[in-house]
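Visitor: Below is the structure I would like to discuss, written out as structure tokens.
Throughout, read-outs are computed from the coordinates displayed, never taken from laboratory work. These numbers come from a predicted model, not from an experiment. Every residue, glycine as well, gets a Cβ built from its backbone with ideal geometry; the counts of neighbours run over all protein chains shown.
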Amino acid sequence: MSHEELRRSIDAQRQPSDCFIKWWGSDPALIDYELLGRFLEKGEVVGEVNGFSLLSLDGMWQAFVELNPDRLSRELQGGEELIMWAWQDRGGKEHLATFPYTPEGLMELMESDFFD
């Protein structure tokens, strides 16, 4: 689909809570996730998009937990909801990283070493 068709389709489906896009090109097995605003700003640079779905923060959290349910949790601290990620480095040392439970915080976690 062209970029203009994609933008019209997103505009038609978008709900106020949607802040992420899950999208794929010619190979539906290769899925990418991105903040919706950042995705739209890229325009045609994104490349070929054959399909997509829009996700709210809670919907993206569920998709993320399904990818790796272990060692991820959400906690309230000081009135702020945080994502807690417990991970082990190559030497076996335990670490705990925290991210705000916001679209940007969840994206930061996704772009971190989580998938390396």
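Visitor: Using +1 on the beta carbon of Lys and Arg, -1 on that of Asp and Glu, and nothing else charged, what's the dipole of the range 10-116 about the Cα centre, debye to 20?
Guide: Dipole size: approximately 120 debye.
Visitor: OK, next. Towards the positive end of the charge dipole of the range 3-63, with charges on Cβ (+1 Lys, Arg; -1 Asp, Glu), say which of Gln13, Trp23, Val45 has the farthest Cα.
Guide: Looking along the dipole axis, the top candidate is Gln13.
Visitor: What is the gain in length, in nm to one decimal, between Leu57 and Trp24 on full extension, counting 0.36 nm per residue of separation less the C-alpha to C-alpha distance?
Guide: 9.9 nm
Visitor: Short version: ³J(HN,Hα) in whole Hz for each residue of the range 85-95, in order, from phi by Karplus 6.51 cos²θ - 1.76 cosθ + 1.60 (θ = phi - 60°), x for Gly and Pro, what are they?
Guide: My calculation for the range 85-95 gives 10, 8, 9, 10, 7, 4, x, x, 6, 7, 9 Hz in order.
Visitor: Something else: Restricting to DSSP H runs of at least four residues, report the calculated mean residue ellipticity at 222 nm for the chain, -39500 (n - 2.57) per run over all residues, nearest 500 deg cm²/dmol.
Guide: -9500 deg cm²/dmol
Visitor: So what is the relative contact order of the range 1-103, in percent, for Cα pairs below 8 Å that sit 6 or more residues apart?
Guide: Value for the range 1-103: 22 percent.
Visitor: What distance in nm lies between label points placed 7 Å from Cα along the C-beta direction at Asp89 and Glu75?
Guide: 2.1 nm
Visitor: If you don't mind, there's one more thing I want to ask. At 7 Å along Cα-to-Cβ for each site, give me the label-to-label distance between Glu104 and Glu66 in nm.
Guide: 2.8 nm
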